[in-house]
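Written out below as C-alpha cells is the structure these notes cover.
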Amino acid sequence: MNAEQPPAEELIILRAPTVADGADLWRLAEGTGVLDTNTPYAYLLWARDFADTSVIAEVEAEPAGFISGYMKPSDPQTLFIWQVAVDSNFRGRGLAKKMLFELVERTGAKRLETTITADNEASIALFTALARQNDTEIVRRPLFTEDLFPADSGESHATEDLYVVEPLNA
C-alpha cells in the first residue's frame, strides 16, 4: 500500500481501544522507532483503564495508529496526550490529525497538554494544527529536562517540552 496516495475510499475507523488491542498498541509504538516503548503489559493496562481518553485507528480493518491520553486528575478539563503513533505504511494521510481531533471532541477537553522533544517536527506540526483549528496559541516551556532522566539507564533522553493548547472549542 502506498503511504503517499491512500485509496480514494479506504475505510477508516476511529474508536476507543479495548484490551484486545493492547498488543497492537505496543507493536505500533515499537514500530515508530522513536517513541519510548513501554512494556506490552503497560499497553494492556492502558487499553483497559484509559480507553475513554485514547483512540485507535483502523484502516481497512488493519491497526494503523493510536493516541493514548488521560484526563489529568488535578485538572479534569485537561487532556494529556501521552503517545501518538502511526504505522509507517499509513503516514502522510492525516491519520494522526484525524485521531487527535476526534479524541479532543470525544473527551470534551477544554485544555490539552503534551510533551514533545525539540526534534519532533511531526508532533509539533500536529499540535500546532490543533491550536490553529481552535483559533488559539500553543504555549511551550521545558518540563522534563535531560538531567531529570536517570543517567544510569544506558540511554540519553532529550528534554521534553510541555506544550499547552487552550482554550479548546470542544
(request) Check Thr114, Thr37 and return the single one that is crowded, with 18+ Cβ neighbours inside 10 Å, part of a loop (DSSP other than H, G, I, E, B) and in contact with a helix residue (DSSP H, G or I) (Cβ under 7 Å, 6 or more places away or on another chain). (result) Thr37
(message) On the basis of being farther than 23 Å from Trp46 by Cβ, outside any helix (DSSP H, G or I), out of contact with any Gly (no Cβ under 6 Å at 6 or more places or on another chain) and polar (S, T, N, Q), does Ser68 make the cut?
(response) no
(message) Here's a check for you: in the range 73-117, which residue that is among the polar types (S, T, N, Q) and touching a Lys or Arg at 6+ places or on another chain (Cβ under 7 Å) is farthest from Thr128 (Cα to Cα)?
(response) Gln77
(request) Please find, among Leu100, Leu126, Leu143, Leu168, the residue that is aliphatic (A, V, I, L, M) and part of a strand (DSSP E or B). (result) Leu143
(message) I want to confirm something. Restricting to the range 14-34 and keeping residues that are of a type in the set (A, V, I, L, M) and at pLDDT 95 or above, which single residue is surrounded by the fewest Cβ atoms within 10 Å (Cβ to Cβ)?
(response) Ala20
(request) Mind listing just one residue for me: the one in the range 112-129 that is charged (D, E, K, R) and within 15 Å of the chain's Cα centre (by Cα) and, of those, modelled with the lowest pLDDT? (result) Glu121
(message) Tell me yes or no: at least one residue of the range 108-124 is out of contact with any Ser or Thr (no Cβ under 8 Å at 6 or more places or on another chain), within 23 Å of Ala42 (Cα to Cα) and of a type in the set (A, V, I, L, M).
(response) no
(message) For Glu155, only one of the following conditions fails: (1) under 18 Å from Gln83 (Cβ atoms); (2) within 19 Å of the chain's Cα centre (by Cα); (3) of a type in the set (D, E, K, R). What is its number?
(response) (2)
(message) So in the range 40-84, with the set limited to residues that are more than 22 Å from Tyr163 (Cα to Cα) and among the β-branched types (Val, Ile, Thr), which one is surrounded by the most Cβ atoms within 10 Å (Cβ to Cβ)?
(response) Ile56
(message) Can you pull out every residue in the range 25-34 that is touching a residue at least 40 places away in the same chain (Cβ under 8 Å) and part of a helix (DSSP H, G or I)?
(response) Leu25, Leu28, Ala29, Gly31, Thr32
(request) State whether the residues of the range 73-96 include one that is over 21 Å from Glu30 (Cα atoms) and part of a loop (DSSP other than H, G, I, E, B). (result) yes
(request) Please work out if Ser156 is among the polar types (S, T, N, Q), surrounded by fewer than 17 Cβ atoms within 10 Å (Cβ to Cβ), modelled with pLDDT under 95 and out of contact with any strand residue (DSSP E or B) (no Cβ under 9 Å at 6 or more places or on another chain). (result) yes
(message) Exactly one condition in (1) crowded, with 20+ Cβ neighbours inside 10 Å; (2) within 11 Å of the chain's Cα centre (by Cα); (3) not small (Gly, Ala, Ser) is false for Asp87; which is it?
(response) (2)
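The values are calculated or read from the model by the stated rules, or taken from the named source; none is laboratory data. Worth saying up front: this structure is predicted, and the values here are computed from it rather than measured. Here the Cβ is made from the backbone with ideal geometry for all residues, glycine too, and neighbour counts use every protein chain on show.
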